[in-house]
Every structure is written in C-alpha cells, then in structure tokens.
1. Could you identify the single residue in Phe148, Phe108 that is at pLDDT below 95 and surrounded by 22 or more Cβ atoms within 10 Å (Cβ to Cβ)?
2. Quick check on region 60-71. Is at least one of its residues surrounded by 13 or more Cβ atoms within 10 Å (Cβ to Cβ), at pLDDT below 95 and part of a helix (DSSP H, G or I)?
3. Answer yes or no as to whether Asp77 is in contact with an Asp or Glu (Cβ under 8 Å, 6 or more places away or on another chain) and closer than 22 Å to Ser41 by Cα.
4. Given the options Gly56, Gly101, Gly82, name the one that is assigned to a helix (DSSP H, G or I) and buried (at least 20 other Cβ atoms within 10 Å of the Cβ).
5. Quick check on my filter: what residues within region 169-183 are part of a helix (DSSP H, G or I) and free of Cβ contacts under 8 Å to residues at least 24 places away in the same chain?
6. Examine region 7-18 for a residue that is at pLDDT below 90, closer than 20 Å to Pro85 by Cβ and in a helix (DSSP H, G or I), and state whether such a residue exists.
7. Filter region 20-42 down to the residues that are of a type in the set (Ser, Thr, Tyr) and surrounded by fewer than 19 Cβ atoms within 10 Å (Cβ to Cβ), then identify the one that is farthest from Ile154 (Cα to Cα).
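The values are calculated or read from the model by the stated rules, or taken from the named source; none is laboratory data. What you see is a predicted model, and the numbers here were worked out from it, not measured in a lab. Glycine gets a Cβ as well: all are built from the backbone with ideal geometry, and neighbour counts include every protein chain shown.
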Amino acid sequence: MDRLSIKRGGQVLAPSIFTVGNMACGFYALLSAYRGEFSASATAVMLGMAFDALDGRVARLVHGDSAFGVEFDSLSDFLTFGVAPGYMMYAFILKDYGGWGYPMAFLFALCGALRLARFNAVAHDSGGSKTYFTGLPIPGAAGFLASFVLLYQIIEEGRPARTWDFLMAQIPSLYGLAPLMVVGAAFLMVSTIPYPAFKQLPMLRLRSAKLIFVMVVIAAVVCAYPQTAAFVVFFAYTLTGPVGTAVRLLRRLLRLGPKPPEDVTRSMG
C-alpha cells in the first residue's frame, strides 16, 4: 500500500470518527428512553448534533469528503435524529395516546428518512443550495423535540434550574400539544418550505468587535439558561420556515392586489 492510499484512508477515517460518535449518541438515546431516563436521552440527541456538525467540518478541513462518508453520515443521522427522537417521544408522551402513539412516532422516523434521502439525492445531482435547506433539517426537528423534553423534565422532576418563568408557565400546555409537535415537525421535514442554512452569512465571515460581542452574549445566555435557550432557539428555527413562507406569500398578494380605479389614479397625479 503506497503512501497516497494511506493518506487518503486517514482523510476518510478522521471525519468518520465523529460520525461514529454521533451514532453512539443515538444508540445511547434509545437505551436511555427505554429505561425511562428521558433527560439523558434528550441530552444524547443534542450531543449527537455536536458530533454531526464536527464531522462535516473535519471532512472539509482534511479534504476527506467521500461517497462513503456521505452515506455513513446519513445512516448515523437517521438513527440519532430520526429513530431515537421518535422512540423517545413515544416512550415519553405518545404511548399515552393508545393506538395513535405508534403511527405518530413512526411518521417522524419515516419523514426523517425521506428528508435524508432527498437531501442526498439533491446533493448528488446538483450540490444543493448553500443559502437554504428544502424542508426542516432533521437535526433541527430532533433538536426541537429534545429541547422540549429537557425543559419539561425540569418540571417533571421538580429539580431547581435557571429558567424563564414566563416560558416555564407555558410548558405544561405544550405537553398536551406534543402530538402536534411531532407530526408537525415530521411534515415540515418533507415539505418544500425553505429554511435558512446560515452557511454564507456575511456576519460569520467578519472578525469584528461586533461579532465577538454577539457571540459572547449568546454564550452567556446559553450558559445561564441552557435548557431554556436551547428550546427557544430550536422552536424559533422551526417557525422560520412557515412564518417566512407566509410573509413572502402575503407580500406577493399585496403586490398583485387590485389596482386603484383610473379616476382615482388621475386625481392623485
């Protein structure tokens, strides 16, 4: 085996280590949900997102992009962000809905698989857009559900935590909307609604005092209110797609609205 082959093998292996970490988090999330340890399950899903973010960046850094890495990453994502959150929500809430619980949990996993398959197909054919995603990304959907579980467990376990009182007062009401959250996130994943990708924001390319200040503020809020900040971020991102689409549609309708009568137009001239 020549040095070139060894080097290439190392380039492919480096990001795969993080992909394995992502998959391990997904498997642990399943085991934790089975044992009824929902905080640990949700935390594992969130940790898997960190591994998922790192494997792509490491692949680009060491020029280790490969077809194998793409497929392996998708399988890992399906486990951690599709199967694990679906089962977690079933064991946590949806089982209480009798025969409807399983179809709702399975729908989330199914739509996650379809979302990943579509993403890979588009990336293979055209490379996809660098400014937006088509449909809610599966890590975003999983993060939304996991952050909700982490926040609700604070109430369920009665443990002290730094939270926003107003938001915590709404969480019990959201518990009753859990089926809607699961099904809604599932359909958003397979929708054609655009979601911002945040890959080419000018702000992220600037090394300025403003950027440093913003990052410090965000880090401070996350450290002070970790569960609350995570839920707000994922909930807000989940809404950006439908709200943005509704705003664009409204603007288009206003531009195409009825023209004023000719005599009114003349009187204004």
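1. Going through Phe148, Phe108 in turn, just one is at pLDDT below 95 and surrounded by 22 or more Cβ atoms within 10 Å (Cβ to Cβ): Phe148.
2. Among the residues of region 60-71, at least one is surrounded by 13 or more Cβ atoms within 10 Å (Cβ to Cβ), at pLDDT below 95 and part of a helix (DSSP H, G or I), which makes the answer yes.
3. So Asp77 fits the description; yes.
4. Gly82
5. Of everything in region 169-183, those that are part of a helix (DSSP H, G or I) and free of Cβ contacts under 8 Å to residues at least 24 places away in the same chain turn out to be Ala169, Gln170, Ile171, Pro172, Ser173, Gly176, Leu180.
6. yes
7. Tyr34
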